[in-house]
Ligand code: B1M
């Protein structure tokens, strides 16, 4: 019987092989990808975050845990994105300039793909110019930005201002997210939408396009 606590513990230790095995075992036993994600992988990464904050874990260990998280996510990805339908919308998503955190952004991208969106992944450390160029692309209806650091949050506002200046805010909606972001902050900087997690990111994207 798959034990999601063991999966969380393996992730905390950065034991990539065990994370892969336990993720596959859990899927084979019929556990839902959403449950494996929240009670196994994200639960483990939350503890890593706590320990990192208290200086009980350091960057190299956090990186190894992040690598194990990616390995688990890559096994869940085909299940999370299974969809035969034609795209319901197109979103360009990236982590803002100066910010290298990509786990949450990747998860939001995966869930959006799973919900039938076409996702243009701009990557990490994405400049304002790159977001603006992406917004100009054919069919892009939403620009999604992720920021994990209090020092990179201001870039969300810079991109929103640049999109306004480029006259693109009538073409695209802007969605923001990331651990330090709140609905209040999103309102303050003029974002059209905010989501606290990947599943609500899908709901928010649908809502922004009027397909909720
Ligand atoms: Co960093 N880091 N980190 N880190 N790191 C945090 C964010 C921190 C909170 C840790 C802590 O102190 N507790 C802290 C930030 C403090 C602050 O600014 N308020 C921090 C720090 C300080 C740093 C460095 C500055 C450390 C240093 O060098 N001294 C450094 C900065 C590097 C940089 O970016 N320039 C750094 C580096 C790193 C690693 C490289 C080691 C690694 C990243 C590896 C990677 O991503 N490939 C790392 C990690 C892993 C973390 C923690 C532990 C985990 C982040 C994560 O992946 N969470 C993190 C602590 C924490 O958040 N608890 C921390 C899991 C992920 C699923 O959640 O990303 O929040 P999250 O995404 C969620 C939602 O936020 C939402 O949905 C996602 C899924 O549910 N969401 C969206 C995210 N984007 C969205 C977009 C949307 C909608 C929803 O619409 C577009």
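Would you be able to say whether some residue in the stretch 181-190 is more than 18 Å from the chain's Cα centre (by Cα), within 16 Å of residue 140 (Cα to Cα) and part of a loop (DSSP other than H, G, I, E, B)? Scanning the stretch 181-190, I find no residue that is more than 18 Å from the chain's Cα centre (by Cα), within 16 Å of residue 140 (Cα to Cα) and part of a loop (DSSP other than H, G, I, E, B), so the answer is no. Counting only residues that are surrounded by 21 or more Cβ atoms within 10 Å (Cβ to Cβ) and more than 8 Å from the ligand (Cβ to nearest atom), the stretch 42-55 holds 1 of them.
Remark: residue 112 matches the filter, which requires a residue to be in contact with a strand residue (DSSP E or B) (Cβ under 9 Å, 6 or more places away or on another chain), closer than 24 Å to residue 11 by Cβ, within 11 Å of the ligand (Cβ to nearest atom) and modelled with pLDDT under 95. Among residues of the stretch 170-198 that are assigned by TED's automatic domain parsing to the domain that holds residue 108 and on the phi < 0 side of the Ramachandran plot, those with a Cβ under 8 angstrom from a residue that is part of a loop (DSSP other than H, G, I, E, B) and away from the ligand (no atom under 12 Å from the Cβ), sequence gap 6+ or separate chain, pair up as 171/140; 171/141; 172/140; 172/141; 173/141; 173/209; 174/190.
Here residue 135 passes the criteria (1) within 13 Å of the ligand (Cβ to nearest atom); (2) touching a helix residue (DSSP H, G or I) at 6+ places or on another chain (Cβ under 7 Å); (3) modelled with pLDDT of 95 or more except the one numbered (1). Here residue 59 passes the criteria (1) near the ligand (Cβ under 10 Å from one of its atoms); (2) surrounded by 21 or more Cβ atoms within 10 Å (Cβ to Cβ) except the one numbered (2).
Scanning the stretch 70-100 for residues that are within 7 Å of the ligand (Cβ to nearest atom) and buried (at least 19 other Cβ atoms within 10 Å of the Cβ) turns up 93, 99.
As a summary of the residue check, residue 162 satisfies the conditions (1) modelled with pLDDT under 95; (2) in contact with a helix residue (DSSP H, G or I) (Cβ under 8 Å, 6 or more places away or on another chain); (3) surrounded by fewer than 21 Cβ atoms within 10 Å (Cβ to Cβ) except for the one numbered (1).
Of all residues in the stretch 54-68, those that are in contact (Cβ under 8 Å) with a residue 40 or more places away in the chain and in the same structural domain as residue 40 (by TED's automatic domain parsing) have Cβ atoms under 6 Å from Cβ atoms of residues that are outside any loop (DSSP other than H, G, I, E, B) and near the ligand (Cβ under 8 Å from one of its atoms), 6 or more apart or on another chain, in 65/48.
The values are calculated or read from the model by the stated rules, or taken from the named source; none is laboratory data. The structure presented is a predicted model; accordingly, all values stated were derived computationally and were not measured. We place every Cβ from the backbone using ideal geometry, glycine too, and count neighbours over all the protein chains shown.
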